[in-house]
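Only one structure is covered here, and it is reproduced in the block below.
The values are calculated or read from the model by the stated rules, or taken from the named source; none is laboratory data. None of the values given here were measured: they were computed from a predicted structure. For neighbour counting, all protein chains shown are included, and Cβ atoms are generated from backbone atoms with ideal geometry for every residue, glycine included. Accessible surface areas use protein heavy atoms only, side chains included; no ligands, DNA or RNA. Shrake-Rupley method; radii C 1.70, N 1.55, O 1.52, S 1.80 Å.
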Amino acid sequence: MSKPVVRFAPSPTGRIHIGNARQALMNALFARREGGTFVLRFDDTDLGRSKREYADSIEVDLAWLGIPPDVVVRQSERFALYDDASARLRDMGRLYACYETAEELEFRRKRQLARGLPPVYDRAALKLSAEDRIALEAEGRRPHWRFRLEHRNEVWQDLVRGPSHVDTSSLSDPILVREDGTYLYTLPSVVDDIALSITHVIRGEDHVTNTAVQIQIFEALGPHVPIFGHINLLTTASGEGLSKRLGHLSLTSLREAGLEPQAVASLAVLVGSAESVRPIADLDDLARLIDFDHISRSAAKFDERELESLNARLVHDMPYERVKDRLAALDADGGEEFWEAVKGNLAKVADAPAWHRVAFGPLEPVIVDRVFCEAARDVLPAGPWDLTTWKTWTEAVKAATGLKGKALFMPLRLALTSLEHGPELATLLPLIGPERAKARLSGETA
Ligand code: GLU
């Protein structure tokens with residue numbers, strides 16, 4: 001296979017969510033695996049709704065996920081190309097002027113439905129003569145432009161869904177250019193896919209019908225038609241579609257919630273595939289797991305709790321070297337031993353400072369039995385402390401107090417950590433050290 005060139009083409013009208021991330025990752029990781037190129041194309045022809053701020057946040061999100069694009073293009077800077085393509089289509093007789101108002105179209109649609117006919121545009125405008133058009137324009141009407149479909153069973157070999165087809169005679173000729181000369185999504189997308197030599201159009205399955213239309217536009221403009229792949233969409237756990245507008249699970253919010261990008265990427269890529277959903281720390285490994293032949297046909301449900309569990313599992317396996325700088329930024333770099341002691345108790349890296357306080361203070365102890373705690377304090381072994389100190393000490397405490405089991409451990413844990421649960425005390429104790437341990441067992445903040 002020659003090197004693929006793929007694109008992720010969001011319209012920057014909001015923050016992208018995990019469903020968009022799924023499409024971006026499928027493209028980017030496929031390109032990465034095959035040594036290809038990943039293009040980020042902003043579909044910002046709608047100048048009213050598109051915002052630079054959203055485009056910039058999408059770039060930040062992709063960089064955070066670990067898939068910065070190789071190339072960035074903005075459709076708002078490429079209108080000349082679209083003008084040129086629409087002129088060509090007009091010359092070929094594939095783009096024709098229509099003058100119906102929205103109300104007229106709606107009226108016709110209702111009439112067709114009432115007669116039990118499919119609400120397909122009747123191509124009345126194709127029958128207009130030059131004089132008719134002049135007369136309409138004299139009334140002040142401006143044309144919008146429709147692409148004349150060839151009615152046939154449009155077939156393609158879908159990268160994901162296998163043999164696919166859409167009967168284009170059941171579709172209205174799509175409007176490519178609005179009355180005010182602005183472009184709808186359909187044409188600019190094809191023009192750019194041609195101009196950027198896109199080899200694979202990998203996108204959500206909500207675009208299947210567009211594909212039939214766009215294949216005809218590709219063929220009209222020539223010379224090449226890319227391979228298409230339509231990936232199932234993500235829904236919420238309750239089955240609702242994700243919406244940019246509603247700010248569903250935006251990547252920005254997941255990032256701000258302190259989730260690891262690899263947790264988001266693992267879930268976004270593996271959910272609804274033949275692979276089990278599991279945390280994959282390395283994007284190259286994740287890229288190898290993408291298998292377009294075995295992506296489920298039905299919508300994949302995205303469960304936020306699954307994301308949290310993937311995140312925790314990634315953190316539990318995270319080597320100190322990889323997290324060191326982040327711990328420092330959180331004022332919680334307690335060294336490798338500290339990280340190894342506490343990481344198993346973290347849901348997020350951002351939870352580390354709480355344990356840093358437990359290990360290194362200041363911490364207000366919880367004393368449930370003052371006499372017991374002082375007795376335990378008085379038999380603390382001399383330093384230096386290591387992983388065996390806990391056992392030596394608790395045996396001495398048992399001998400001195402006669403207590404054992406939970407009655408012995410819980411008051412010690414509460415005094416030393418102020419909490420009922422946490423990492424093994426055997427690993428925490430050497431970090432806490434003799435001085436703090438002594439103070440805490442005496443009821444002093446340390
Ligand atoms: N802007 C379109 C969308 O977000 C792009 C679709 C495509 O990939 O062609 O749905």
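Residues that are of a type outside the set (Gly, Ala, Ser), buried (at least 23 other Cβ atoms within 10 Å of the Cβ) and more than 12 Å from the ligand (Cβ to nearest atom): does segment 40-60 have at least one? Checked segment 40-60: no residue is of a type outside the set (Gly, Ala, Ser), buried (at least 23 other Cβ atoms within 10 Å of the Cβ) and more than 12 Å from the ligand (Cβ to nearest atom). Among the numbered conditions (1) open to solvent by less than 40 Å² (accessible area, probe 1.4 Å); (2) more than 14 Å from the ligand (Cβ to nearest atom), the only one that Ala102 does not meet is (1).
So is Lys324 of a type in the set (D, E, K, R), under 18 Å from Ala263 (Cα atoms) and either in contact with a Ser or Thr (Cβ under 9 Å, 6 or more places away or on another chain) or in a helix (DSSP H, G or I) (or both) or not? So Lys324 fails the test. Looking only at residues in segment 138-161 that are free of Cβ contacts under 8 Å to residues at least 12 places away in the same chain and over 19 Å from Thr186 (Cα atoms), the one that is least open to solvent (accessible area, probe 1.4 Å) is Gly140. Cβ separations smaller than 7 Å between residues 6+ apart or across chains give the following pairs from segment 390-417 residues that are farther than 20 Å from Ser442 by Cβ to residues that are in a loop (DSSP other than H, G, I, E, B) and open to solvent by less than 50 Å² (accessible area, probe 1.4 Å): Thr392/Pro381. For the criterion of being crowded, with 18+ Cβ neighbours inside 10 Å, over 23 Å from Asn345 (Cα atoms), of a type in the set (Gly, Ala, Ser) and out of contact with any Gly (no Cβ under 7 Å at 6 or more places or on another chain), Ala376 passes. Only residues that are over 25 Å from Arg141 (Cβ atoms) and assigned to a loop (DSSP other than H, G, I, E, B) were counted in segment 160-212, giving 6. Tell me yes or no: at least one residue of segment 376-398 is under 34 Å from the mean Cα position of the chain (by Cα) and of a type in the set (S, T, N, Q). Scanning segment 376-398, I find no residue that is under 34 Å from the mean Cα position of the chain (by Cα) and of a type in the set (S, T, N, Q), so the answer is no.
So in segment 61-78, with the set limited to residues that are without any contact (Cβ under 8 Å) to a residue 60 or more places away in the chain and open to solvent by 20 Å² or more (accessible area, probe 1.4 Å), which one is nearest to Glu256 (Cα to Cα)? Residue satisfying both the conditions and the ranking: Ala63. Taking each residue of segment 114-137 that is over 24 Å from Leu171 (Cα atoms) and looking for partners that are surrounded by 14 or more Cβ atoms within 10 Å (Cβ to Cβ) with beta-carbon atoms closer than 7 Å, six or more apart or interchain, yields Arg133/Ala97; Leu136/Tyr99. Selection of first residues in segment 344-363 that are closer than 16 Å to Ala329 by Cβ and without any contact (Cβ under 8 Å) to a residue 60 or more places away in the chain and of second residues that are open to solvent by 40 Å² or more (accessible area, probe 1.4 Å) and not in a helix (DSSP H, G or I), restricted to Cβ pairs under 7 Å at least 6 apart or on distinct chains, gives the following pairs, ordered by first then second residue: Ala352/Leu330; Pro353/Leu330; Pro353/Asp331.
Filtered by the rule that a residue be within 13 Å of the ligand (Cβ to nearest atom), hydrophobic (A, V, I, L, M, F, W, C) and either open to solvent by less than 10 Å² (accessible area, probe 1.4 Å) or touching a His at 6+ places or on another chain (Cβ under 7 Å) (or both), segment 8-37 gives Ile16, Ala21, Ala24, Met26.
Residues checked against (1) at pLDDT 95 or above; (2) among the β-branched types (Val, Ile, Thr); (3) open to solvent by 70 Å² or more (accessible area, probe 1.4 Å):
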position	(1), (2), (3)
Thr394	yes, yes, no
Pro411	yes, no, no
Leu431	yes, no, no
Glu435	yes, no, yes
Ala439	yes, no, no
Ser442	yes, no, no
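In segment 186-197, the residues that are touching a residue at least 40 places away in the same chain (Cβ under 8 Å) form no Cβ pair under 7 Å with any partner that is of a type in the set (Asp, Glu) and more than 12 Å from the ligand (Cβ to nearest atom), whether six or more places apart or across chains.
Per-residue answers, yes or no, for (1) among the basic types (Lys, Arg); (2) modelled with pLDDT of 95 or more; (3) open to solvent by 70 Å² or more (accessible area, probe 1.4 Å):
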site	(1), (2), (3)
Val269	no, yes, no
Ser273	no, no, no
Arg305	yes, no, yes
His316	no, yes, no
Glu321	no, yes, yes
